[in-house]
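The values are calculated or read from the model by the stated rules, or taken from the named source; none is laboratory data. Keep in mind that what you see is a predicted model, and the values were worked out from it rather than measured. Note: ideal-geometry Cβ built from the backbone for every residue, glycine included; neighbour counts use all protein chains shown. With ligands, DNA and RNA removed, areas are computed over all heavy atoms of the protein, side chains included. Shrake-Rupley method; radii C 1.70, N 1.55, O 1.52, S 1.80 Å.
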Amino acid sequence: QHMICPSGTTLHGNAKTLFCKGRLCDVKKDAKTCCVSPGKCSSMTCPETYVHRGDASTTLCLDRFCRDTDFTRCCALQGSCTAQKCKTGFVQRAEAKDVFCKGLNCTT
């Protein structure tokens with residue numbers, strides 16, 4: 001039987017190899033064995049040109065180590081220079097679309 005973890009927890013990464021205490025899984029008896037707290041998005045490594053979302057330190061992954069969580073839950077595309085308005089007297093570089101800012105949004 002599939003274990004349904006209590007709110008705020010998720011199945012242990014190796015839950016398929018764990019066994020419940022009885023023939024049927026029971027939340028009260030088996031939660032400590034089968035369920036764990038999920039990891040936080042801030043522990044995920046974002047792909048190149050992506051950065052952590054602003055709420056990454058409080059957003060939970062769908063698994064303990066964020067390995068099976070879609071990266072878009074935790075990461076967003078970096079801003080590119082095309083989003084930046086140039087100051088008077090300046091123009092955007094030809095390769096602006098390929099130059100990324102340090103964060104989600106570009107600053108001056």
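When the helix-only estimate is applied to the chain (DSSP H runs of n ≥ 4, each -39,500 (n - 2.57), divided by the residue count), what is the mean residue ellipticity at 222 nm, nearest 500 deg cm²/dmol? Before the final figure, lay out the partial values.
Numbers: 1 runs with 8 residues, N = 108.
Helix contribution divided over all residues of the chain: -2000 deg cm²/dmol.
Mind checking the dipole of the stretch 60-108: about its Cα centre, +1 per Lys or Arg Cβ, -1 per Asp or Glu Cβ, Debye to the nearest 20?
Value, rounded to 20: 240 debye.
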Subject >> Amide H contacts under 5 Å for S80, placed H, 5+ residues apart >> reply: C101
Original post:
Taking H as built 1.01 Å from N, whose amide H comes closer than 5 Å to the amide H of K40, not counting residues under 5 places away?
Top reply: C61
**OP:** Output ³J(HN,Hα) for the stretch 69-74: one whole-Hz value per residue in order, computed from phi by the Karplus curve 6.51 cos²θ - 1.76 cosθ + 1.60 with θ = phi - 60°, and x for Gly and Pro.
**Re:** 9, 4, 4, 5, 5, 10
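Keeping the other protein chains in place, figure out the carbon and sulfur percent of the accessible area of the stretch 1-43, with a 1.4 Å probe.
Details: 1780 of 3230 Å².
Carbon plus sulfur share of accessible area: 55 percent.
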Original post:
Which ³J(HN,Hα) values, rounded to whole Hz and listed in residue order, are derived for the stretch 34-51 from phi using the Karplus coefficients 6.51, -1.76 and 1.60 in 6.51 cos²θ - 1.76 cosθ + 1.60 with θ = phi - 60°, glycine and proline given as x?
Top reply: 9, 10, 9, 6, x, x, 9, 4, 5, 8, 7, 8, 7, x, 4, 6, 10, 9
Subject >> For the chain: lysine pairs under 21 Å (alpha-carbon distance), excluding those fewer than 8 apart on one chain >> reply: 10
Original post:
For the chain, what is the accessible area per residue in Å² when the probe is 1.4 Å?
Top reply: 75
Subject >> Cysteines in the chain lacking a second Cys C-beta under 4.7 Å >> reply: C34, C81, C86
Original post:
For the stretch 75-89, in order, what is each residue's ³J(HN,Hα) by Karplus, 6.51 cos²θ - 1.76 cosθ + 1.60 with θ = phi - 60°, in whole Hz (x at glycine and Pro)?
Top reply: 10, 9, 4, 4, x, 10, 4, 5, 7, 8, 7, 6, 5, 3, x
Original post:
If you place +1 on the Cβ of every Lys and Arg, -1 on the Cβ of every Asp and Glu, and leave all else neutral, what size is the dipole of the chain about its Cα centre, to the nearest 20 Debye?
Top reply: 280
